[in-house]
């Protein structure tokens, strides 16, 4: 296996090396170690896709060690490799030394709060990584706190994907607080977590302070109407958000109306897309949307259909 993998690396003519399901071979842990050796000095491969390879923590550590010495690879996909805490710790050590990596995908690796305890200090010191995907893990309340601290000081990340985790309660609030202090992040995906009322309220405050974020996805977060109204207060003064997805939350028509009203009340709003998927709205909402379109003709709103007249909620 070592010879086969070595040949695959050194005869690779393209800029992307793909190994895993659908990529020609599955490398596992021993294969990962063999793969890492020639990659240290390889200058042709810029993107490395090793998703779905069962490499586990030790395999992830081998790749992390290789990335400490390689100054050409800019994108790495290690998703679905069961890296767990051991792998996260190794990757954190790599991020403190690597100054080339721009995109890192770590989704589906059974990362927990302990994993972020290692990763987040590295995110504070690393200024080169621009895109990080930590979706489909098991990040909980403490992870939200660690990530909030990291976001408040990070100067490199442009996009962060935290979808399909378990960030809620104090962790959600702390993460939102960190977002309020961040001045570099452009895209944040928080879908399928548990932000609820408290988290949404904290995000509303963050949107009052943050002047760079352009895309925010908080769909499927158990946010009630009250949380949506607090979020709307931030949107009333925010000048940078272009896309907001708050679909599949129990915000009801009242929450949808409050958010849309905040756009109407903000002459500097940059919103182009509002997603209220699977939430039914009233005729009053449709009337408001017609009025808002006169001010912002490019605004597109998606919702779950219309029912009878419903009471208006003011943002």
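Read-outs: derived from the displayed coordinates by stated rules, not from any lab. Since the model is a prediction, treat every value here as computed from it, not as a measurement. Positions of Cβ are backbone-derived with ideal geometry, glycine not excepted, and every protein chain shown enters the neighbour counts.
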Original post:
Here are some values of Rg and Dmax of the Cα atoms in Å: (1) 21.7, 70; (2) 28.1, 97; (3) 19.6, 57. Which one was computed from this structure?
Top reply: (1)
Original post:
With axes computed from alpha carbons, what is the tilt in degrees of helix 28-39 against the longest principal axis of the chain, rounded to the nearest 10 within 0 to 90?
Top reply: 80
Original post:
Angle between the Cα long axis of helix 196-209 and the longest principal axis of the chain, 0 to 90 degrees, nearest 10?
Top reply: 90
Original post:
When the label point is put 7 Å from the Cα of residue 273 along its Cα-to-beta-carbon vector, which residues of the stretch 167-186 have a backbone N closer than 18 Å?
Top reply: 186
Subject >> Of 284, 275, 133, the one that fluctuates the most in a GNM where the chain has Cα springs shorter than 10 Å >> reply: 284
Original post:
Expressed as a rounded percentage, what relative contact order does the stretch 2-303 have, with Cα pairs under 8 Å and six or more residues apart?
Top reply: 9
**OP:** Mind giving me the nanometre distance, one decimal, between the label points for residue 86 and residue 287, set 7 Å out from Cα along Cα→Cβ?
**Re:** 6.5
Original post:
Highest mean first, what order results for 119-132, 82-95 on Cβ atoms within 10 Å?
Top reply: 82-95, 119-132
Original post:
Which distance in Å, rounded to a whole number, links the C-alpha centroids of the stretch 54-123 and the stretch 199-260?
Top reply: 32
**OP:** Return the calculated 222 nm mean residue ellipticity for the chain, to the nearest 500 deg cm²/dmol, obtained by summing -39500 (n - 2.57) across DSSP H runs with n ≥ 4 and dividing by the residue count.
**Re:** -13500 deg cm²/dmol
Original post:
Using a simple spin-label model with points 7 Å from Cα along the Cα→Cβ vector, what separation in nm is obtained for residue 298 and residue 265?
Top reply: 2.5
**OP:** Calculate how steeply helix 56-69 sits against the longest principal axis of the alpha-carbon atoms of the chain, using the helix alpha-carbon long axis, and give the answer as 0 to 90 degrees to the nearest 10.
**Re:** 80
Original post:
Of the residues 109, 53, 302, which exhibits the maximal mean-square fluctuation in a Gaussian network model of the chain defined by a 10 Å Cα contact cut-off?
Top reply: 302
